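A quick write-up on the structure given underneath.
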Amino acid sequence: MGDYQFLSHSFKQLQTYPVLTSLPIPIPAAYLQALDFGKYKQETGFGSGMPYLLGQL
């Protein structure tokens, strides 16, 4: 887990634990990156415009 460059604060926080940095992650890197990016968007609102339905905010 220590080899990854995460965007989200939550995943970066996990990298601060010494036990987790040396732990191999048994999931594909692309899947882990997608989870991290989803969490990043949730934390920052990046890429999300104003929601509207039928022209109404």
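Miscellaneous remarks
- Restricting attention to segment 25-50, the residues that are outside any helix (DSSP H, G or I) and either in contact (Cβ under 8 Å) with a residue 12 or more places away in the chain or basic (K, R) (or both) add up to 1.
- In segment 24-43, the residue that is modelled with the lowest pLDDT out of those that are surrounded by 12 or more Cβ atoms within 10 Å (Cβ to Cβ) and aliphatic (A, V, I, L, M) is I25.
The values are calculated or read from the model by the stated rules, or taken from the named source; none is laboratory data. Because the structure is a prediction, the values reported are computed rather than measured. Backbone-built Cβ (ideal geometry, glycine too); neighbour counts: all protein chains shown.
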